[in-house]
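Engineer: Shown below is the structure under consideration.
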Amino acid sequence: HGTTMDDKERVERIVEELKLSDVQLRKVMQLLDDEMNKGLCKGTNPNAAIKMFPTYVRSIPDGTEEGNYLALDLGGTNFRVLLIRLNGSEVSMRSKIFLVPNFIMTGTAEELFDHIAECISKFMHEEGIADQKLPLGFTFSFPCKQEGLARARLSQWTKGFKVSGVEGEDIVRLLHEAIERRDDIDVECVAVINDTVGAQISCAHEDRNCQIGLILGTGSNACYMEQLDKVETWDGDERAPRQVIINTEWGAFGDNGVLDFIRTQYDQELDAKFSVNPGKQLYEKMMSGMYLGELARLYLERLVNEGLLFEGQSSDLLSTPGRFYTKYISEIESDKRDDFKNTKSVLEYDLGIENYSNADCHYVQYVCSLVSSRAAHLASCGCAVLLNRVARPSVTIAVDGSLYRFHPKFGDIMEQKVSQLVNKGLKFKIMLSHDGSGKGAALVAAVACRIR
Ligand code: ADP
């Protein structure tokens, strides 16, 4: 099975739609900026795809925060309970990861919050702090309409969660009720934040230019510091500082159809057949960890079916939806030029494909790199839009999430593309945030306790 020029052309014809030109990317930016304005305006917000939720976080930490705090981190792969000690610039933490079993991810509100309360109790007993009354910061990374720092109504579940009785409810109330149902701990949730805000705040603790938080993990989202004058939907305190962090919930960009000009047949198939929330989170589905592997798999499957890969022979594993993990993309793209070590290992050991040629390895790499570059380019559009909105000469973007952290080229591609897309004269830095969901929640909780 040799590679003829024809095969190359046929592959190219199938995957070409994944390449976005700068003209297309600039159009994406314009649309995103328009949608963000709609989200911030009172009249247009109810129908806006991007909700632009004000977070009630009004300032970044000043480094004087201190004390012991509990934090919860719920929002994707793991559920964690943390104990964080803040002392000026020193932060220490202990944490424990708990599983959220599948039946709880798709069960009832009471089951979910009883489970959370039980995990908090277990953790506090193990740490010997069950007798203390500690303030808690809750990093809850789903779209919420906040009515205060400690009041957050879930608008809709994303990222594979589907617990009944939570949408439309205040998750702090649900948590407090579950804590009250058991009487072995005394914990008060004083702040709810999103993981984007956690990343921004924890990074801002060291770098005061940090005005943007970005997540590229299971899902994708971003937040940024906005001027109150631009936030028509703000109904909180009007005093200084006249700014507030906006949780954009940009994952929902495109849900009204504006991204259809770049969405492919396979974006549509993934949305309709693979995801549990068809029609929702369409921008997120083009650029986050939960979906990129499946997207690559759909293209590979097409190439197999056209007889362009593996002599037309797939494997059971490669034919199984969800079975081509996003981390394979990182592994495959980590191969040195034309040394197919990781690619072969994924094909053979992870996917059970026995007959493959070097040309096959090359095409597999090519598909992976197109899927991840498109994701990085779309994320770059979002960052450039936020940098233009913040419009400060020098801004740091805090990033968290396994896709960004572990993909070998995502960061470099983004730096390059954001530089091309952002308004002239604006300088930026992208910085990995560490433990944002824990440290950020504790820092916000500390500020919340101080101002009460
Ligand atoms: P979360 O966003 O749920 O808090 P993570 O930031 O760890 O958690 O993101 C998990 C997502 O990252 C999963 O969807 C997974 O597919 C993806 N992922 C995990 N490891 C890698 C990797 N090495 N390369 C790319 N993506 C990865």
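Engineer: Quick check on segment 48-67. Is at least one of its residues of a type in the set (A, V, I, L, M, F, W, C) and surrounded by fewer than 17 Cβ atoms within 10 Å (Cβ to Cβ)?
Structural biologist: no
Engineer: So, residue 376, is that one buried (at least 18 other Cβ atoms within 10 Å of the Cβ), in contact (Cβ under 8 Å) with a residue 40 or more places away in the chain, assigned to a helix (DSSP H, G or I) and within 16 Å of the ligand (Cβ to nearest atom) or not?
Structural biologist: Here the answer is yes, as residue 376 does meet what is asked.
Engineer: What number of residues in segment 403-438 are part of a helix (DSSP H, G or I), aliphatic (A, V, I, L, M) and either within 12 Å of the ligand (Cβ to nearest atom) or loosely packed, with under 15 Cβ neighbours inside 10 Å (or both)?
Structural biologist: Total satisfying the criteria: 1.
Engineer: On to the next question. Tell me, which residue of segment 310-335 that is among the acidic types (Asp, Glu) and near the ligand (Cβ under 10 Å from one of its atoms) is nearest to residue 369 (Cα to Cα)?
Structural biologist: Only one residue tops the list, namely 333.
Engineer: OK, next. Considering each of 322, 257, 293 in turn, give the residue that is surrounded by fewer than 17 Cβ atoms within 10 Å (Cβ to Cβ) and touching a Phe, Trp or Tyr at 6+ places or on another chain (Cβ under 8 Å). Working first, answer last.
Structural biologist: Values: 257 fails: touching a Phe, Trp or Tyr at 6+ places or on another chain (Cβ under 8 Å); 293 fails: surrounded by fewer than 17 Cβ atoms within 10 Å (Cβ to Cβ).
None of the other options fit; the residue is 322.
Engineer: Being touching a residue at least 24 places away in the same chain (Cβ under 8 Å), of a type in the set (Lys, Arg), more than 24 Å from residue 154 (Cβ to Cβ) and within 16 Å of the ligand (Cβ to nearest atom), is that true of even one residue in segment 17-24?
Structural biologist: Within segment 17-24 (the criterion being touching a residue at least 24 places away in the same chain (Cβ under 8 Å), of a type in the set (Lys, Arg), more than 24 Å from residue 154 (Cβ to Cβ) and within 16 Å of the ligand (Cβ to nearest atom)), the answer is no, since none of the residues qualifies.
Engineer: Within 16 Å of the ligand (Cβ to nearest atom), touching a Leu at 6+ places or on another chain (Cβ under 9 Å) and under 30 Å from residue 28 (Cβ atoms): is that true of residue 283 in this structure? Break it down into steps so the answer makes sense when it comes.
Structural biologist: On the way: within 16 Å of the ligand (Cβ to nearest atom): yes; touching a Leu at 6+ places or on another chain (Cβ under 9 Å): yes; under 30 Å from residue 28 (Cβ atoms): yes.
So residue 283 fits the description; yes.
Engineer: A further question follows. If a residue has to be in contact with a Leu (Cβ under 9 Å, 6 or more places away or on another chain), outside any loop (DSSP other than H, G, I, E, B) and more than 12 Å from the ligand (Cβ to nearest atom) to count, how many in segment 389-402 make the cut?
Structural biologist: 5
Engineer: Let me ask something else about it. Just for segment 219-247: of the residues that are more than 16 Å from the ligand (Cβ to nearest atom) and within 19 Å of residue 153 (Cβ to Cβ), which one is nearest to the chain's Cα centre (by Cα)?
Structural biologist: 246
Readers should treat all values here as calculations from the given coordinates under stated rules, not as data from a laboratory. The shown structure was predicted, so the numbers you read here are calculated from the model rather than taken from an experiment. Methodologically, a virtual Cβ is constructed for each residue, glycine included, from the backbone with ideal geometry; neighbour enumeration extends over all protein chains shown.
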